[in-house]
Amino acid sequence: MAEKKVQSGSLLMFAIAIFLFLVCAVLAWSFRVWILIPISGLAVITQVISDLIGGASIGTMLGSALVMAFVPQLGFVLGLFTRYVLFAMRAPLPSGHPQSTIAKLYKQNSDSYSVAKVRRGSDTL
């Protein structure tokens, strides 16, 4: 039986990928998409250096660098999707909120100035 050994570098890559995924999901709440450029660049450079130190082949380096460049983008998309879903499920605005107060005043004013009332009002003068 030939056992396939898992290299410690690949386990480290998965741990870093999961960490980057979660960090970028959180960054999606505060930053625009431009934050992905330095984060992805830093992840790729770190992974290439780690593979060079570990003595990995060029194909392995390119594959792991591609994964590390793609993971922050997936995390960012998940963060944006989560933010969208949570805002869509948000409860209606409380009555003390200025926008809801303005909407109520507008509705009251539009009800009190209907076309029939305005016409009757001008006939009585």
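The values are calculated or read from the model by the stated rules, or taken from the named source; none is laboratory data. Quick caveat: nothing in here was measured; it's all calculated off a predicted structure. All Cβ positions, even for glycine, are placed from backbone atoms using ideal geometry, and neighbour counts span all protein chains on display.
Could you go through the stretch 38-48 and let me know if any residue there is within 22 Å of THR82 (Cα to Cα), modelled with pLDDT of 85 or more, among the hydrophobic types (A, V, I, L, M, F, W, C) and surrounded by 15 or more Cβ atoms within 10 Å (Cβ to Cβ). Yes, there is a match, as at least one residue in the stretch 38-48 is within 22 Å of THR82 (Cα to Cα), modelled with pLDDT of 85 or more, among the hydrophobic types (A, V, I, L, M, F, W, C) and surrounded by 15 or more Cβ atoms within 10 Å (Cβ to Cβ). May I ask you to list the residues in the stretch 51-72 that are out of contact with any helix residue (DSSP H, G or I) (no Cβ under 6 Å at 6 or more places or on another chain), of a type in the set (S, T, N, Q) and part of a helix (DSSP H, G or I)? Listed by number, the list holds a single entry, THR60. Looking only at residues of the stretch 62-83 that are of a type in the set (Gly, Ala, Ser) and touching a residue at least 24 places away in the same chain (Cβ under 8 Å), we find that the one that is surrounded by the fewest Cβ atoms within 10 Å (Cβ to Cβ) is ALA69. Listed by first and then second residue, the pairs linking a residue in the stretch 42-61 that is more than 14 Å from PHE14 (Cα to Cα) to a residue that is modelled with pLDDT under 85 and part of a helix (DSSP H, G or I), with Cβ atoms under 8 Å apart and 6 or more places separating them unless they lie on different chains, are GLY54/GLY9; ALA56/GLY9.
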